[in-house]
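Novice: Have a look at this one before I ask anything.
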Amino acid sequence: MIYQSTRNDGLTVSSAQAILDGMAGDGGLYSPASFSGISLDWRALLPISTRDMATRILAALLPSFSEAEMGELVRRAYEGKFETEDLTPTVRVGEDTVLELFRGPTSAFKDVALSMLPLLMTAAREKCGVSDEILILTATSGDTGKAAMEGFANVPGTRILVFYPYGGVSPVQQAQMVTQEGDNVGVCAVRGNFDDAQTGVKAIFAAVEREGLLAGKGVRLSSANSINIGRLAPQVVYYFKAYADLVREGRIAVGDLVDFVVPTGNFGDILAGYFAKELGLPVGKLICASNANNILTDFFATGVYDRNRPFYRTVSPSMDILVSSNLERLLFLLSGDAKLVKGLMASLAETGAYTVPAHLKAKLDELFFAGCCDDAGTKAAIGRVWREEGYLMDTHTAVAYHVAQQYKAACPSHGSVVILSTASPYKFPAAVLEALGQAPGADEYSAMAQIERITGVPLPKNLRGLKDRPARHGDVIEPEKMLSYVLDKAGKEIW
Ligand SMILES: *Cc1c(COP(=O)(O)O)cnc(C)c1O
């Protein structure tokens, strides 16, 4: 399978090159041209282990790698790193199923992909005959940064720089990042919101490409954000895993449609669900759950994507996003029209908005349902599900849970519903504690201890002792300084 830019049919690369580059040189994202060339027997995946599923699915999506090679990468990526051997367990909560994606080394769903990406990246580098050091640039709304650093720390031939919005991530997320160890990792706060950081990173890629700013320096840039296809592909696996669990438990028959509710920010996670559907998995609706930053809810309702609106800081900060990058891949895949996508993205850059044509809107309606939930609704869901079901959700999962109930009320003929749970409740302890009806603790760490005392849900190992780890990274810069910051770092032998 060949990858191409979402903005140019003529710009095509192998899957290895797409991973190595991170994004296309014309500002587009690398996407499969179509899924028609892939042969994958989805039924044969249901009885096998999660790791074997990952091997087959990833080898199908990224054909630069043989199945034998992929099997070895998968083994190295996941062995001993997750709390459970099946990586992403499912739990029954009331009549719904929760797919727990947060059992990895940093307690966020991004671990699933970011455990895999460094291995894909270094293997791709070898395949493409590249000897340059790879400098990973990543903008984070909180969870990607830590998970990416954890994945890339001390991986030979790579360095990673993470930018996060100053004051825009939770104290726990910030502590996780600034205490990161490893000689090849850097973390810097940006005075702005996530979109400023993400726009800054995209602009650096464009400037470096356009002006050859790193030419001859033995360094090349890549991305660990979900704009990198190597980050997206591993996320396809857990849709199959959840489906297999439902079959195994006798809750569905093979072939029944399952609806997936996805707490959405950059649209990567839910797009992976669309990939799973295209690979044959019987996916019913994909339900896009947003917080008060409900630009996607409006988009699915109207076909108009309009970022000219206030930006809210919510208790689900990993979804505080106004520009969902991966939507571009969906628009490309549904329309097959790179010219159209290029035009829409130009309109977004110039006016902050675009409108999709009616034929595309009709396809979106068929595939997706969208809903949103404010902070009050988020906390109410956490409290209710704890009281009634004895299950403790984080704030992002709670947004999805709330929207799942909206969806079921709106579509009474729905199938089995799987809610993707994207973080441990201990990553957002202040809001979770409040949702449990408790007075706030002195700080997030005492809130963690209090939640553990009240609920008995064990605190994940990686968050224990976080408070006492020394901060190693303290830089704070203006968004305009991001390019010079990167060029300065790229030129330094030792950070
Ligand atoms: C990143 C993240 C999301 C959003 O995922 P996207 O792929 O960006 O849509 C949701 N919840 C949590 C906890 C996250 O870290």
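The values are calculated or read from the model by the stated rules, or taken from the named source; none is laboratory data. These numbers were taken from a predicted model, which means no experiment stands behind them. Every residue, glycine as well, gets a Cβ built from its backbone with ideal geometry; the counts of neighbours run over all protein chains shown. Heads up: the accessible areas ignore ligands, DNA and RNA and are worked out on the full protein's heavy atoms, side chains in. Shrake-Rupley method; radii C 1.70, N 1.55, O 1.52, S 1.80 Å.
Novice: Check every one of the strands (runs of 3 or more DSSP E) wholly within segment 55-168 and list those with 3 or more residues that are away from the ligand (no atom under 16 Å from the Cβ).
Specialist: Here the list reads 90-93, 133-139, 158-165.
Novice: Follow-up question, since we're still on this one. In segment 150-164, which residues are open to solvent by less than 10 Å² (accessible area, probe 1.4 Å) and either at pLDDT below 95 or in contact with a Pro (Cβ under 8 Å, 6 or more places away or on another chain) (or both)?
Specialist: Phe152, Thr158
Novice: When you go through Phe260, Phe240 one by one, which is the residue that is open to solvent by less than 10 Å² (accessible area, probe 1.4 Å) and more than 16 Å from the ligand (Cβ to nearest atom)?
Specialist: Phe240 is the lone residue from the list that is open to solvent by less than 10 Å² (accessible area, probe 1.4 Å) and more than 16 Å from the ligand (Cβ to nearest atom).
Table: residues versus (1) assigned to a loop (DSSP other than H, G, I, E, B); (2) open to solvent by less than 60 Å² (accessible area, probe 1.4 Å); (3) without any contact (Cβ under 8 Å) to a residue 60 or more places away in the chain; (4) out of contact with any Phe, Trp or Tyr (no Cβ under 6 Å at 6 or more places or on another chain).
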residue: Ser413; (1), (2), (3), (4): yes, no, yes, yes
residue: Gly437; (1), (2), (3), (4): yes, no, yes, yes
residue: Ser446; (1), (2), (3), (4): no, yes, yes, yes
residue: Pro458; (1), (2), (3), (4): yes, no, yes, yes
residue: Val476; (1), (2), (3), (4): no, yes, no, no
residue: Ser484; (1), (2), (3), (4): no, no, yes, yes
residue: Asp488; (1), (2), (3), (4): no, no, yes, yes
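Novice: Another question, if that's okay. From Arg210, Arg231, Arg220, Arg248, grab the single residue that is within 16 Å of the ligand (Cβ to nearest atom) and either of a type in the set (D, E, K, R) or over 23 Å from Met121 (Cβ atoms) (or both).
Specialist: Being within 16 Å of the ligand (Cβ to nearest atom) and either of a type in the set (D, E, K, R) or over 23 Å from Met121 (Cβ atoms) (or both) holds for just one of Arg210, Arg231, Arg220, Arg248, which is Arg231.
Novice: Give the number of residues within segment 3-37 that are modelled with pLDDT under 95 and within 21 Å of Leu73 (Cα to Cα).
Specialist: Residues that pass the stated criteria total 3.
Novice: Tally time: how many residues in segment 369-404 are open to solvent by 40 Å² or more (accessible area, probe 1.4 Å) and either without any contact (Cβ under 8 Å) to a residue 12 or more places away in the chain or in contact with a Pro (Cβ under 7 Å, 6 or more places away or on another chain) (or both)?
Specialist: Selection size over segment 369-404: 4.
Novice: Continuing with this model, one more query. Can you list the strands (runs of 3 or more DSSP E) lying wholly within segment 182-298 that have 1 or more residues being in contact with a Cys (Cβ under 9 Å, 6 or more places away or on another chain) and more than 30 Å from Pro156 (Cα to Cα)?
Specialist: 258-263, 283-290
Novice: Another one. Consider Thr6 against the criteria (1) closer than 18 Å to Ser66 by Cβ; (2) among the β-branched types (Val, Ile, Thr); (3) open to solvent by less than 10 Å² (accessible area, probe 1.4 Å): it satisfies all of them except one. Which criterion is unmet?
Specialist: It is condition (1) that Thr6 fails.
Novice: What pairs come out if I take residues in segment 97-121 that are closer than 19 Å to Lys241 by Cα and of a type in the set (Gly, Ala, Ser) and pair them with residues that are open to solvent by 10 Å² or more (accessible area, probe 1.4 Å) and within 9 Å of the ligand (Cβ to nearest atom) whose C-beta lies under 6 Å away, six or more apart or interchain?
Specialist: Ala108/Phe102
Novice: Could you list, in sequence order, all residues of segment 266-299 that are within 11 Å of the ligand (Cβ to nearest atom), modelled with pLDDT of 95 or more and under 22 Å from Ser31 (Cβ atoms)?
Specialist: Residues satisfying the conditions are Phe267, Gly268, Asp269, Ile270, Leu271, Ala272, Gly273, Cys288, Leu296.
Novice: Quick check: anything in segment 314-321 more than 22 Å from Tyr401 (Cα to Cα) and surrounded by fewer than 24 Cβ atoms within 10 Å (Cβ to Cβ)?
Specialist: No: segment 314-321 contains no residue that is more than 22 Å from Tyr401 (Cα to Cα) and surrounded by fewer than 24 Cβ atoms within 10 Å (Cβ to Cβ).
Novice: Quick one: is Pro47 surrounded by fewer than 24 Cβ atoms within 10 Å (Cβ to Cβ), outside any helix (DSSP H, G or I), touching a residue at least 12 places away in the same chain (Cβ under 8 Å) and away from the ligand (no atom under 16 Å from the Cβ)?
Specialist: It is true that Pro47 is surrounded by fewer than 24 Cβ atoms within 10 Å (Cβ to Cβ), outside any helix (DSSP H, G or I), touching a residue at least 12 places away in the same chain (Cβ under 8 Å) and away from the ligand (no atom under 16 Å from the Cβ).
Novice: Which condition from (1) under 30 Å from Ala404 (Cβ atoms); (2) modelled with pLDDT of 95 or more is the one that Val172 breaks?
Specialist: (2)
Novice: Looking only at segment 165-203, count every residue that is surrounded by fewer than 22 Cβ atoms within 10 Å (Cβ to Cβ) and among the β-branched types (Val, Ile, Thr) and tell me the total.
Specialist: 3
Novice: Out of (1) of a type outside the set (Phe, Trp, Tyr); (2) more than 21 Å from Pro317 (Cα to Cα); (3) in contact (Cβ under 8 Å) with a residue 60 or more places away in the chain, the odd one out for Ala431 is which?
Specialist: Evaluating Ala431 over (1) of a type outside the set (Phe, Trp, Tyr); (2) more than 21 Å from Pro317 (Cα to Cα); (3) in contact (Cβ under 8 Å) with a residue 60 or more places away in the chain leaves (2) as the failure.
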